[in-house]
Amino acid sequence: QVQVVESGGGLVQPGGSLRLSCEVSGRLLIIRLMGWYRQAPGKQREPVANITRMSGTTYYEDPVKGRFTISKDNDKNMVYLQMDSLKPEDTAVYYCNALSVDDVKFWGKGTLVTVSS
């Protein structure tokens, strides 16, 4: 089994920065991809960015390209999402996700990010 726990959400002003952290534990050898999703009020959950566990190859959705950076620290079993130049439309619950080699998704409970003045 794999456990996923997010942290680091909060309230930030437009243009500000925030870093989310995600600890992935358990059967890590079965995990091939880790990523962040978000769900804004009244909207469906959408992907934000992901990173391969071994090679560190990254991918970003268009709305966050150039503003968000995903990274990992395999020694600490951590995945991070550095969010810069935040906009009100980035307000959402952010979820960390770990994808196994047989395409099973493991989710955290989410952390709320609110961008508001």
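The values are calculated or read from the model by the stated rules, or taken from the named source; none is laboratory data. Owing to the predicted nature of the structure, the values given are computational and were not obtained by experimental measurement. Don't worry about glycine lacking a Cβ; one is built from the backbone with ideal geometry, like all the others, and counts go over all protein chains shown. We work out accessible area using only protein heavy atoms, side chains counted, and drop any ligands, DNA or RNA first. Shrake-Rupley method; radii C 1.70, N 1.55, O 1.52, S 1.80 Å.
Stretching the chain fully between Asn77 and Arg19 yields a gain of 19.3 nm (0.36 nm per residue, less the alpha carbon separation). Using a simple spin-label model with pseudo-atoms 7 Å out from Cα toward Cβ, Thr69 and Thr52 lie 2.1 nm apart. For segment 55-105, the share of accessible area belonging to carbon and sulfur comes to 46 percent (1.4 Å probe, ligands and nucleic acids excluded).
Solvent exposure of the chain amounts to 55 Å² per residue of accessible area, where only protein heavy atoms count and the probe is 1.4 Å. Roughly how far apart, in whole Å, are the Cα centres of segment 1-51 and segment 59-80? Here the two parts' Cα centres lie 9 Å apart. For the chain, modelled as a GNM whose springs connect Cα atoms under 10 angstrom apart, the maximal fluctuation among Leu28, Leu86, Leu20 occurs at Leu28. How high is the relative contact order of the chain, in percent, with contacts defined as C-alpha pairs under 8 Å that are six or more residues apart? Relative contact order of the chain: 37 percent. Between Ser116 and Ser7, the FRET efficiency from the beta-carbon distance, with R0 = 22 Å, is close to 0.60.
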